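Everything below concerns the one structure shown next.
The values are calculated or read from the model by the stated rules, or taken from the named source; none is laboratory data. Note that the coordinates shown come from a computational prediction; the quantities given were computed from them, not determined experimentally. All Cβ positions, even for glycine, are placed from backbone atoms using ideal geometry, and neighbour counts span all protein chains on display.
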């Protein structure tokens with residue numbers, strides 16, 4: 001059995017690799033100009049230091065309030081929506097533009113720079129899990145939800161049916177549909193969306209173990225062909241094969257997992273946003289990513305109609321140096337957040353193009 005290495009990937013020359021994993025509670029549903037555009041229910045950054053062997057997994061909750069470049073303050077999941085809406089040409093209403101703004105938001109708020117992204121919707125997630133042969137998880141407590149949306153095969157997202165969902169505690173083998181239900185439900189979890197983030201990391205870890213098996217890597221070209229159209233990414237097949245081989249040497253029990261839930265964030269008294277506690281976040285970001293971590297302090301000064309915070313748009317003055325980098329702002333408008341460590345601010349992003357590879 002010949003196992004491809006992917007050593008011709010550009011990632012082979014990098015020591016630190018940051019991958020952004022995005023999941024939307026939609027397959028493009030309700031993107032009709034009336035109901036709106038998809039949100040990113042999942043923003044997980046996987047960081048790998050090849051020299052030290054360190055692997056970290058950071059979940060940024062959808063309700064965490066951040067500053068979105070060119071848009072102002074809002075929940076993290078709105079970065080994906082705004083990017084989706086801002087796309088132009090072939091990237092209008094497309095995950096490429098949406099992922100780009102999510103990447104910029106992470107860099108702006110925390111100093112985390114992303115090498116590549118991968119995005120899946122509902123049906124794409126189901127297909128990825130089924131292609132891997134399912135996943136084995138240990139369910140820690142009973143999960144019951146009486147109004148789970150049965151909408152995976154609903155192309156419009158309208159007139160959705162609902163069903164009762166139940167997972168018994170203990171070891172379980174989940175197929176694609178079951179795994180989606182497990183990582184998607186949140187109303188039955190005492191920790192709400194934060195509990196869902198932990199379950200998402202759990203399933204991703206199990207999926208990593210399945211995809212790192214030599215027999216799976218040997219069938220990489222065949223499997224990637226089967227997933228065509230189900231996963232959107234800016235990685236090439238050799239990048240994915242390289243990462244799969246890299247995952248073979250990762251001890252799942254030593255992965256450093258973090259969700260920016262309390263005590264790393266705190267609910268505010270006005271809306272459903274969570275405000276980052278930068279005194280907690282900054283040192284952890286620095287440790288996980290081996291950088292001088294940054295964290296923008298958020299202030300609540302208004303509430304939007306959709307229960308997400310929408311504040312006056314921050315438009316920092318930036319200076320482009322001859323090298324093309326962007327300097328820290330020379331002035332900041334009223335109501336803009338005050339960083340605990342002054343980050344390099346990004347200009348208003350323009351729609352991206354040319355990076356997308358639809359598997």
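Here are the numbers for this structure:
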{"item": "Close pairs from the range 157-173: first more than 20 Å from residue 122 (Cβ to Cβ), partner in a loop (DSSP other than H, G, I, E, B) and modelled with pLDDT of 90 or more, Cβ under 8 Å, at least 6 apart", "result": "173/134"}
{"item": "Lone qualifier among 283, 263 - being in a loop (DSSP other than H, G, I, E, B) and at pLDDT 90 or above", "result": "263"}
{"item": "Matching residues, the range 109-135, being under 15 Å from the mean Cα position of the chain (by Cα) and within 26 Å of residue 265 (Cβ to Cβ)", "result": "109, 110, 112, 113, 114, 115, 117, 118, 119, 120, 125"}
{"item": "Those strands (runs of 3 or more DSSP E) lying entirely in the range 170-260 with at least 2 residues crowded, with 21+ Cβ neighbours inside 10 Å", "result": "231-233"}
{"item": "Any hit, the range 73-93, residues being at pLDDT 80 or above and part of a loop (DSSP other than H, G, I, E, B)", "result": "yes"}
{"item": "Filtered residue count, the range 1-18, keeping only those that are farther than 23 Å from residue 223 by Cα and touching a residue at least 24 places away in the same chain (Cβ under 8 Å)", "result": "5"}
{"item": "Qualifying positions in the range 125-134 - surrounded by fewer than 21 Cβ atoms within 10 Å (Cβ to Cβ) and in contact with a strand residue (DSSP E or B) (Cβ under 7 Å, 6 or more places away or on another chain)", "result": "134"}
{"item": "Residue 255 modelled with pLDDT under 95 and touching a strand residue (DSSP E or B) at 6+ places or on another chain (Cβ under 8 Å)", "result": "yes"}
{"item": "Selected residue [closer than 28 Å to residue 288 by Cβ and either modelled with pLDDT under 85 or in contact with a helix residue (DSSP H, G or I) (Cβ under 9 Å, 6 or more places away or on another chain) (or both)] from 160, 129, 143", "result": "129"}
